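*Asks:* I'd like to ask some things about the structure below.
Each value in this text was obtained by applying a stated rule to the coordinates, not by laboratory testing. Just so it is clear, the model here is predicted, and its values are computed rather than measured.
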Ligand code: BG6
Ligand code: MG
């Protein structure tokens, strides 16, 4: 039986990809690195440090660890500053409605995000109260596609993976959900999240009615 839901944040609850893009792009321009939306899309779900490594690989460049850390911090400062403009209107369409519905029906709800800025994003959205458990980039050391962040959420909710549905927009996030034995809902194109149990193009279609209809035996 499904008793809990675990949500990724960036790309599921709110669209921060654009803000991440702007911050990485500013750094890339300063460093004379090539960086575009296609590379940015590869950064979905992966940690800040892994992200800068992907960007360097794309530019056939490498840097020592201290410089990597320093540049990642620089990008993060730009990203965090841009979050100040985010507000309670910045949910992806459908996300707040689903979270509200889950609250009304008494499901357990956890956040399972790779971001170390998740708490700040939730505060900006005024979304903290929708979550019983917050799993973020500080909660576990192994990032997606390892299942650790979702296992953390399930454990804190005192649920088994097979009692939870994970919502993800990243390929590595769906991989993580599957590796942990969770049911998964992918948000986005087939090429990215087509391996999820159920897929929607956007959160607007991901209503509790649709989810219950698809996973009918589990409710
Ligand atoms: C994920 C994003 O949620 O968090 C990634 O999809 C991002 O793009 C990662 O790199 C880490 O975020 P932060 O806020 O800790 O730099
Ligand atoms: Mg995401």
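*Asks:* Just to confirm the number: angle between the C-alpha axis of helix 65-83 and the first principal axis of the chain, 0 to 90 degrees, nearest 10?
*Replies:* 60
*Asks:* Could you give me the radius of gyration and the Dmax of the range 12-100, taking only the C-alpha atoms into account and expressing both in angstrom?
*Replies:* Over the range 12-100's Cα set, Rg and Dmax evaluate to 14.4, 46 Å.
*Asks:* While we're looking at this one, here's another question. Output the 0 to 90 degree angle, nearest 10, between the alpha-carbon long axis of helix 48-58 and the longest principal axis computed from the alpha carbons of the chain.
*Replies:* 60
*Asks:* Continuing with the same structure: Once the Cα gyration tensor of the range 156-219 is found, what semi-axes does its equivalent ellipsoid get, as square roots of 5 times the eigenvalues, in whole Å, sorted largest first?
*Replies:* For the range 156-219, the semi-axes come out at 18, 16, 9 Å.
*Asks:* I would also like to ask the following. Under Stokes-Einstein, with the Kirkwood radius over Cα pairs standing in for Rh, what whole-number D in µm²/s applies to the chain at 25 °C and 0.890 mPa s?
*Replies:* Result for D is 140 µm²/s.
*Asks:* Something else: Average projected area of the Cα convex hull of the range 50-151, in nm²? Each step should come with its number before you reach the end.
*Replies:* Details: hull surface 31.8 nm².
Average projection, Cα convex hull of the range 50-151: 8.0 nm².
*Asks:* At 0.36 nm per residue, and after removing the present C-alpha to C-alpha distance, how many nm does the segment from residue 219 to residue 83 gain when stretched out fully?
*Replies:* 45.3 nm
*Asks:* Further, regarding this structure: D for the range 1-61, whole µm²/s, Stokes-Einstein with Kirkwood Rh over alpha-carbon pairs at 20 °C and 1.002 mPa s: what number?
*Replies:* Result for D is 169 µm²/s.
*Asks:* Starting from the eigenvalues of the Cα gyration tensor, five times each then square-rooted, give me the equivalent ellipsoid semi-axes of the range 29-81, largest first, whole Å.
*Replies:* Each semi-axis is the square root of five times an eigenvalue, giving 15, 14, 11 Å.
*Asks:* Could you compute how fast the range 98-188 diffuses translationally, taking Rh as the Kirkwood radius over C-alpha pairs and applying Stokes-Einstein at 4 °C with viscosity 1.567 mPa s? Give it in µm² per second.
*Replies:* Answer, rounded: 98 µm²/s.
*Asks:* Multiply the residue separation of residue 42 and residue 62 by 0.36 nm, subtract the distance between their alpha-carbon atoms, and state the gained length in nm to one decimal.
*Replies:* Gain in length upon complete extension: 5.4 nm.
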